[in-house]
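Everything below concerns the one structure shown next.
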Amino acid sequence: MTTDPFDPAYLQQWVGKTETLHETVRPEVAAALAATLDVATAPGAGEPLPPLWHWTNFAAVVPQSQLGADGHPERGGFLPPVPLPRRMWAGGRFVFHAPVPIGATLTRTSTIASVSSKEGASGRLVFVTVRHEISQGGQPAITEEHDIVYRDLAAPGSMPPPPKPAPTNARWSRTIHPDPVLLFRYSALTFNGHRIHYDRSYVTEVEGYPGLIVHGPLIATLLVDLVRRELPGADIAAFRFRALAPLFDIEDFAVCGAPAEDGKTISLWAQNSRGELAMQAEAVLRAA
């Protein structure tokens, strides 16, 4: 059988692969994330973990010798061995079944749901979707689908796709200053060694970006945090987001929201300082 990493049949061998991890939600980590997000009060023992804060759990803890040149774990274990240098968090979908209290022990079973490839305007792309089932005491807590995109380096002289304008109907907006300290702290909390978030020479000279890249999960967390700031006590039942363009530490960006008339759906987005759309999202509140 071929071992060509771009052969569809070879990549399909990873579909259905699973791994299971167990971890306890620690109050000191929640307190550190609250400080990083400038949240005034961190949840204490027994209190519910805010949505998306579970990303500080289940980090990929691998030996230093098993890291790739980009600082991520080498490919070919749980994730397929896609030999494309750029790896980005493209989006995700979540259902929050039940609160996750601080101090709870969680089980996460992860499954490679799909692997596909295509040729885009910028070259070859490979998409991997991972489904995470997170439970507490055998009961479902969070269902998450995580989309990863792998792509080649930009060709010399190539132009990025034209930006999309952000919506202009925001009722809520918060300006974020993504300095290197914020990015470092979030990388540390999620044990994310990807060099695009802290190594300026790597991200500019190797991957060809203009600055340090703001983590997609951090942007998504800030969007959910905006809902909690504007609607204290809001119970988010579902959330989805899609990354459309990167944000960098060289300029401020804004997280914005516009509640729908139905009283339970909230359109959310992140935009750069020029009003260009970087992330689009939607939160759905649980019916009372």
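Exposure proxy for SER201, SER110, SER135: other Cβ atoms within 10 Å of each Cβ, ordered fewest to most, give SER201, SER135, SER110.
Among the GluC sites (Glu not before Pro) within segment 209-285, those in coil by DSSP and having at most 12 neighbouring Cβ atoms inside 10 Å are GLU261.
Length gained on full extension, LEU153 to GLN139: 0.8 nm, using 0.36 nm per residue less the C-alpha separation.
Taking 12 Å as the straight-line reach from the Cα of LYS264, the aspartates and glutamates in range (excluding those fewer than 8 positions away in the same chain) are ASP235, GLU282. Ordered by the number of other Cβ atoms lying within 10 Å of each residue's own Cβ, fewest first, ILE250, ILE266 fall into the sequence ILE250, ILE266. Per-residue Karplus couplings for segment 134-150, computed as 6.51 cos²θ - 1.76 cosθ + 1.60 with θ equal to phi - 60°, are listed in order as 10, 9, 10, x, x, 9, x, 10, 9, 10, 10, 10, 10, 9, 10, 10, 10 Hz, Gly and Pro entered as x. Taking trypsin sites (Lys or Arg not before Pro) across segment 116-206, the ones in a DSSP loop with at most 14 further Cβ atoms lying within 10 angstrom of their Cβ are ARG171.
Calculated mean residue ellipticity, 222 nm, the chain: -4000 deg cm²/dmol, from DSSP H runs (n ≥ 4) at -39500 (n - 2.57) each, averaged per residue and rounded to 500.
If you run the Gaussian network model on the chain, springs between alpha carbon atoms under 10 Å, then out of ASN169, ASN192, ASN272 the most flexible one is ASN169. For LYS118, list the lysines whose Cα falls under 27 Å from its own Cα; do not include residues on the same chain fewer than 8 positions away. Here the lysines satisfying the reach criterion relative to LYS118 are LYS17, LYS164.
Using Cβ point charges alone (K and R +1, D and E -1), the dipole size of segment 141-288 about the Cα centre works out to roughly 220 debye. Calculated on the alpha-carbon coordinates, the convex hull of the chain measures out at 141 cubic angstrom per residue.
Every number here is computed from the coordinates shown, using simple stated rules; none is lab data. The model shown is predicted, which means the values in this text are computed figures rather than measured ones. Glycine gets a Cβ as well: all are built from the backbone with ideal geometry, and neighbour counts include every protein chain shown.
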